[in-house]
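Enquirer: The structure follows.
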Amino acid sequence: PINLDLSGWHFLLVKPDEFVSTREAYSQVCPAQPVHPLMDTIQQPIEKWKDLLFNDFEQSVFPQHTVISDIKHTMYNIGATYASMSGSGSSVFGLFKEEPKDAKELFHPHFTFYAKL
């Protein structure tokens, strides 16, 4: 169980039409031991997650699937407090303090899902 309250945060999920082979992703990932235990990290303010919480798959997936990397960088450019690829890809999610304006248009033609938590 995780004691994490995301009430009031804005959640954006972008799923590009980009296939990431699970086999390929797992064969190239280099898992890293986190500096801080995950349970300690997620108890930190979300504003600190960008520097503390990483998806190890991003290092191997992003160079071969730049559209996924571009989505993550765009989320930060439009105000995400934290953004990450989900699992081995290809979805990317972002947490925002404010509603990300024009997200559907900005990430068109990718599938987007938005919710206020």
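Enquirer: Output the relative contact order of the chain, whole-number percent, from Cα pairs under 8 angstrom with separation of 6+ residues.
Expert: Numbers: 180 pairs, mean separation 50.8, N = 117.
That works out to 43 percent.
Enquirer: Just add up the charged neighbours of Phe111: K/R +1, D/E -1, any other residue whose Cβ is under 15 Å from the Cβ of Phe111. All intermediate terms of the calculation are to be shown ahead of the outcome.
Expert: Details: positive: Lys15, Lys104; negative: Asp17, Glu18, Glu105.
Around Phe111, the surrounding residues sum to -1.
Enquirer: Sorted from largest to smallest, which semi-axis lengths in Å does the alpha carbon gyration tensor of the chain give for its equivalent ellipsoid, taking the root of 5 times each eigenvalue? If you can, show how the numbers build up before the last one.
Expert: Working: eigenvalues 94, 88, 24 Å².
Here the semi-axes work out to 22, 21, 11 Å.
Enquirer: Using only the alpha carbon atoms of region 1-65, find the Kirkwood hydrodynamic radius as the inverse mean reciprocal pair distance, in angstroms to one decimal.
Expert: Numbers: mean 1/r = 0.0699 Å⁻¹.
For region 1-65, inverting the mean 1/r across all distinct Cα pairs yields 14.3 Å.
Enquirer: What aspartates and glutamates could a cross-link reach from Lys15, if we take a straight Cα to Cα line under 20 Å and drop same-chain neighbours fewer than 8 places away?
Expert: Hits, sequence-local ones excluded: Glu24, Asp56, Glu58, Asp70, Glu99, Asp102, Glu105.
Enquirer: How about Lys116: which lysines have a C-alpha closer than 17 Å to its C-alpha, ignoring those fewer than 8 places off in the same chain?
Expert: List returned: Lys97, Lys101, Lys104.
A short reminder: the numbers here are calculations on the coordinates, not readings from a lab. None of the values given here were measured: they were computed from a predicted structure. Glycine gets a Cβ as well: all are built from the backbone with ideal geometry, and neighbour counts include every protein chain shown.
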